[in-house]
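Asker: Attaching a single structure in C-alpha cells format; questions to follow.
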Amino acid sequence: MATPADLYAAILADPDDLDLRRHYADAIEATDPERAELIRLDVAGADGSREMLFLHRRIHQRLAAPVAHLLVDWRIRNGLVESVTMTARTFIDRGEEVWANHPVRHLVLVEAAGLTAEVAQVACLNRLVALDLRGNPIGDDGLAALVDSPHLGRLRWLGLARCGIGPAGAEALAASRNLPGLRFVDLRRNPVEVTAQGHGQGIDGRPTEVELPPLGRELVARYGPLPWLDVQWGWRLYSTALWDEV
C-alpha cells in the first residue's frame, strides 16, 4: 500500500491527477483530518463554502510549510498549494525548494525588473501553466529575455499587465517558439494594443463587436495564427481569463 509520502511524491509529479489527491486525503485522515477534509471539499468543488472558509482559516499558515518563509503569499487549489507569490530573487535562488514541497502551477513574481534573464534560466519554470508579472516594469528587453527561456513549454497563461511592453516586446513574444502551449496573454495597460479588443456592449454585457488591432493582425500575418491573439478573448469586455480557465 502506498504511504502518504509516496502519494504526495506522485502528486508533485502529476498535479493534474485529482484521484491522487483523494487517495492522499484518505492516507492522512488519521494524522491530519483537517487537511484531509480540506482536500476532499476542494476537489469536490466546495471552494467558497462556509466549511471551506473555516478550515482554510484554521490551517492556512501551515499549508505552505516548510517553505512559507520564502513566499510573499500563496493560494490553495484542489486542496494544495498551487499558486505562490515570490520575489524574483527568491525564485531564482531558492525556487526549487518550493517546487520540491508543493505542486505549484501558477507563479506570481514581484520585484522582477532587471531579473528576467535570470528568471528565464530557472528550470522549475517548466512546471508552470501560468506566470504573472503584472506591475513589474520589465519592458521590451525584459520580455525578450524571458521568452528566450527553454523552460516555458507548458505555459498557457502569461500576465503582463502594466509591464511597460511596447511593439518590440509584443513581436518578441509572437516570434518566440519556446511557448507552444501559450493560450492567453494579459497585456492590459501597456503602451501597445495587440490582443483582441471588444467594442460596444450588448444587453448580455458582452461586446457587440471584436477585432484585432493593426499590430495584432500584422503579427498573425508574419508569424501565423497564435492562440493568445485569437479574437475569442476580446469577448471578455470587463475581465481577463483566469489562469485555470485556459
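Asker: May I ask you to verify whether Ile39 is buried (at least 18 other Cβ atoms within 10 Å of the Cβ), in contact (Cβ under 8 Å) with a residue 60 or more places away in the chain and assigned to a helix (DSSP H, G or I)? Give the derivation first.
Answerer: On the way: buried (at least 18 other Cβ atoms within 10 Å of the Cβ): yes; in contact (Cβ under 8 Å) with a residue 60 or more places away in the chain: no; assigned to a helix (DSSP H, G or I): yes.
Taking the combined requirement at face value, the residue does not satisfy it.
Asker: Take Leu63 and decide whether it is in contact with a strand residue (DSSP E or B) (Cβ under 9 Å, 6 or more places away or on another chain), more than 24 Å from Leu187 (Cα to Cα) and of a type in the set (A, V, I, L, M).
Answerer: So Leu63 passes the test.
Asker: Return a yes/no flag: does region 190-210 have any residue that is of a type in the set (A, V, I, L, M), touching a residue at least 40 places away in the same chain (Cβ under 8 Å) and assigned to a strand (DSSP E or B).
Answerer: No.
Asker: Does Glu218 fit the bill of being acidic (Asp, Glu), in a helix (DSSP H, G or I) and farther than 22 Å from His106 by Cβ?
Answerer: Here the answer is yes, as Glu218 does meet what is asked.
Asker: Moving on. So Arg57 passes all but one of these: (1) more than 18 Å from Leu125 (Cα to Cα); (2) of a type in the set (Lys, Arg); (3) in contact with a helix residue (DSSP H, G or I) (Cβ under 8 Å, 6 or more places away or on another chain). Which condition number does it fail?
Answerer: So the condition that Arg57 fails would be (3).
Asker: Still on this structure, I have one more. If the requirement is being under 22 Å from Gln232 (Cα atoms), crowded, with 21+ Cβ neighbours inside 10 Å and among the basic types (Lys, Arg), which of these qualifies: Arg206, Arg156?
Answerer: From the options Arg206, Arg156, the qualifying one is Arg156.
Asker: Val72 - would you say it is free of Cβ contacts under 8 Å to residues at least 60 places away in the same chain, more than 24 Å from Pro180 (Cα to Cα) and of a type in the set (Val, Ile, Thr)? Give the steps one after another, and end with the answer.
Answerer: Working: free of Cβ contacts under 8 Å to residues at least 60 places away in the same chain: yes; more than 24 Å from Pro180 (Cα to Cα): yes; of a type in the set (Val, Ile, Thr): yes.
So Val72 passes the test.
Asker: While we're here: Is it the case that some residue within region 83-98 is over 23 Å from Ile59 (Cα atoms), surrounded by fewer than 16 Cβ atoms within 10 Å (Cβ to Cβ) and free of Cβ contacts under 8 Å to residues at least 12 places away in the same chain?
Answerer: Yes: region 83-98 contains one or more residues that are over 23 Å from Ile59 (Cα atoms), surrounded by fewer than 16 Cβ atoms within 10 Å (Cβ to Cβ) and free of Cβ contacts under 8 Å to residues at least 12 places away in the same chain.
Asker: Given the conditions (1) within 28 Å of Arg77 (Cβ to Cβ); (2) surrounded by 15 or more Cβ atoms within 10 Å (Cβ to Cβ); (3) over 19 Å from the mean Cα position of the chain (by Cα), and given that Val192 satisfies all but one, which numbered condition is not satisfied?
Answerer: (1)
Asker: Ok, one more. Looking at region 54-80, which of the residues that are exposed (fewer than 13 other Cβ atoms within 10 Å of the Cβ) and part of a helix (DSSP H, G or I) is modelled with the highest pLDDT? So that I can check it myself, show each step before the final result.
Answerer: The first filter runs over region 54-80 and keeps only residues exposed (fewer than 13 other Cβ atoms within 10 Å of the Cβ), leaving 54, 57-58, 61-62, 65-66, 69, 73.
Among the residues that remain, those that are also part of a helix (DSSP H, G or I) are: 54, 57-58, 61-62, 69.
Working: Phe54: 89, Arg57: 88, Arg58: 91, Gln61: 92, Arg62: 93, His69: 97.
Taking the candidates together, the pick is His69.
Asker: Please verify whether region 44-53 includes one or more residues that are modelled with pLDDT of 95 or more, within 26 Å of Arg156 (Cα to Cα) and not in a strand (DSSP E or B).
Answerer: Among the residues of region 44-53, not one is modelled with pLDDT of 95 or more, within 26 Å of Arg156 (Cα to Cα) and not in a strand (DSSP E or B), which makes the answer no.
Asker: Out of all the residues in region 1-36, which are within 25 Å of Glu245 (Cα to Cα) and either of a type in the set (Asp, Glu) or not in a helix (DSSP H, G or I) (or both)?
Answerer: Listed by number, the residues that qualify are Asp14, Pro15, Asp16, Asp17, Asp19.
The values are calculated or read from the model by the stated rules, or taken from the named source; none is laboratory data. Keep in mind that what you see is a predicted model, and the values were worked out from it rather than measured. Don't worry about glycine lacking a Cβ; one is built from the backbone with ideal geometry, like all the others, and counts go over all protein chains shown.
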